[in-house]
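As structure tokens, the structure follows; a few thoughts come after it.
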């Protein structure tokens, strides 16, 4: 069962997304900040990370920086799922090697789930 | 070429006055003097005539009275008691009657100086008395009026004589007979040897109380007195001394002066003069009087006496020069007077003129000072109330008013927050206000230096790239104006100030460029505010998105039934769909607002790539497919193959197409028709009609619908923010009111154009004109977002 890590401080959003992804038969882990996410990574390497950018303690940018420094984490596909839609943010995180970037309000959960599925499929076929 | 035009007023006026005065003198001398001369001559002739007449009267009287006295005293001889009652010698004459009768005169043969003396004395004293009575001027006594006197009896025998009695019978003499017959005989003037003088012979008969003939009295009237009198006329009349006085007898013989008697020159001249009447004549004559004199003379003549056979004529000549001396004097006076007048007039005129020209020079110098910028210069008016005084006051008033407006201008220019500089056609700064100096960090005066030395610009997005100051040079080369937005002014201290720079040519009345004005607006604050606004919108939109995403996702979850939740019933589904659609509308609104904010700040990114417009349009239409199908709209697409591919930001083109086409789709009724056309416009006449469009060609995209149309009265507001037409508001169709506003902002920013034609209930046609050059790249952190 593919493992999806959702890093999102807005629990309301992460909860419903978890439900949606579980419908797709994924194992979903929820954390509310980068710090906690790193702890999860220590135990388990997820197949896809859905990462919010604006979070307390450790935000998405810092988290990305951290994982890109750790060879074991470097190749984990990351879909940035945020409400920031400024080009500077987009290009910043894209330069940090994220797989995709979505603005939460502009996509349906289905669209997001499809992106996850696509990545998982791509991974398994490799 | 025109010396007059190069002369000063002073020179011209002096010349004019000199000319006028010289002309008047010339007229005076050439016309007035000859006229005056002729008048003078006439006056002189008249006065000499009267003078001659006076002389004639006098001389005439002198002779006449003498003759009369001789006649009268012939009677006295008969009756005079003086002669009868005298001493011894007089006794001898006691009875002249008797003596005359008898011829027995005891003193016969004796010289009788006594008788002569008596007769002389009696006659002369009587004559003097008479002349005194008649008021004729007499000088002294008249000695020897009669040079000789004879008395003869009725037989012709001399009975008495002033000299020796000659013993011959006088009755044979013609004079004796004539005296006896007619009572009076007057002879010629002849030289009498006995008295050694010229005399006139007069003979008169002596009669008794009964009138019987007694004898004849013969007297020689001495001409000495007359000649003396005539000679003295020159002395008498000093004003007009005569050159010659000539007395002629009836036979034209010269009686006086005797020295002319045989002068053939005088005689010849006199023969040429018409002496028949008393008129005066002027003749230029070589003077016959004195050989060495050659003056021209004026001759006057008149009859001296007309008595019996006595017809004497007096000719008087005056030297013309002397007579006309007063005219000469007059001429001299005229010349002197007019010369003095010229000098005086010139002096007066020069004084006046100098006063005027000096003041004009004052005016000129003030005007020059003012033209060099010294507006404090004023004309000194003083108490002058004349035209120049008024002009000076007028100029001062004008200068005051200029000064006031200059002060006002300066105050405005100095205290305005914009940096203002005025440059000469060569680019030298002639004025710079405080704000500009502050912006430039220049403490020293920048006036007099070339603008390019202090005004340096750089790109606001890439500050290391300098921006050419060509737009400033342009206004000095041709009449134009320009505004350069969003550039940095790099000052001396290396600070970059975001500015907006407006430049314009300064043009004089002849449309020649006399400089340029540069106005620099520091837009730091505007940019800060814009940024803050933009940031606010960004943050707000971010904050809004989280709850909006929640609503969207949960509504989606409900609709689709996630995590074991059952799918909603048909009724529930409708309601949840409303929630879902409304959320989408809010999200679109938020995104649109973000776009608008970025457009307004003008800092959205443009990433041009070669774009096939047809493809973009197809993609947009694809997105609208559900609605198009729902409304059963027929969409007709035509694209001119000439439409080139251009460098454009696909996403921005998409946003524009989306805004225009979605309106057409939204506001067209069921089964409506939409025509979309792409054409390549090269006709300059068409392009020239498009406001603010500067391109030479363009790609025109036309979107025509037969929908609701825009009410005429609202058509002016179509491109304003949050505009929604009244006739569509009532419809349930969604719309942010930002689409056309966004489109307009984009088209303006890329140098394109958008406009429309619409008629309510008939439909609307939107025109989008893209510049042939496509879009220019612009880097920015902010991208415009496609809003469905």
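Quick notes on this structure:
- Remark: mean inter-chain Cβ contacts per residue of A:14-23 equal 4, using a 10 Å Cβ-Cβ cutoff to other protein chain atoms.
- Highest mean first, the peptides B:401-414, B:479-492, B:712-725 sorted by other C-beta atoms within 10 Å per residue fall in the order B:479-492, B:712-725, B:401-414.
- In percent, rounded to a whole number, the relative contact order of region B:602-707 is 31, using alpha-carbon pairs under 8 Å and six or more apart.
- Each part reduced to its alpha carbon centroid, region B:611-668 and region A:75-126 end up 28 Å apart.
- Neighbouring partner chain Cβ atoms per residue of B:463-471, average, 10 Å criterion: 0
- Which of B:189, A:40, A:80, B:578 has the fewest Cβ neighbours within 10 Å, and the rest in rising order: B:578, A:40, B:189, A:80
- Chain A: C-alpha gyration tensor shape, a/c 1.5 cut-off, then a/b vs b/c: rounded
- For the peptide A:78-84, the mean number of other protein chain Cβ atoms found within 10 angstrom of a residue's Cβ is 3.
- Region B:540-582: C-alpha gyration tensor shape, a/c 1.5 cut-off, then a/b vs b/c: oblate
- Relative packing of B:356-369, B:695-708, which averages over residues the other C-beta atoms within 10 Å, highest first: B:695-708, B:356-369
- Taking each residue as 0.36 nm, the span from residue B:372 to residue B:532 lengthens on full extension beyond its C-alpha to C-alpha distance by 52.7 nm.
- As a rough guide to protection, the peptides B:675-687, B:565-577 ranked by mean Cβ packing within 10 Å, highest first, stand as B:675-687, B:565-577.
- Among B:553, B:755, sorting on how many other beta-carbon atoms sit within 10 Å of each Cβ, with the fewest leading, yields B:755, B:553.
- Gyration tensor (alpha-carbon) shape descriptor, region B:580-729, a/c threshold 1.5: rounded
- Each of B:175, B:312 was scored by other Cβ atoms within 10 Å of its Cβ. Arranged with the fewest first, they read B:175, B:312.
A short reminder: the numbers here are calculations on the coordinates, not readings from a lab. As the structure is a computational prediction, the values presented were derived from the model and not from experiment. Virtual Cβ from ideal backbone geometry, glycine too; neighbours counted across all protein chains shown.
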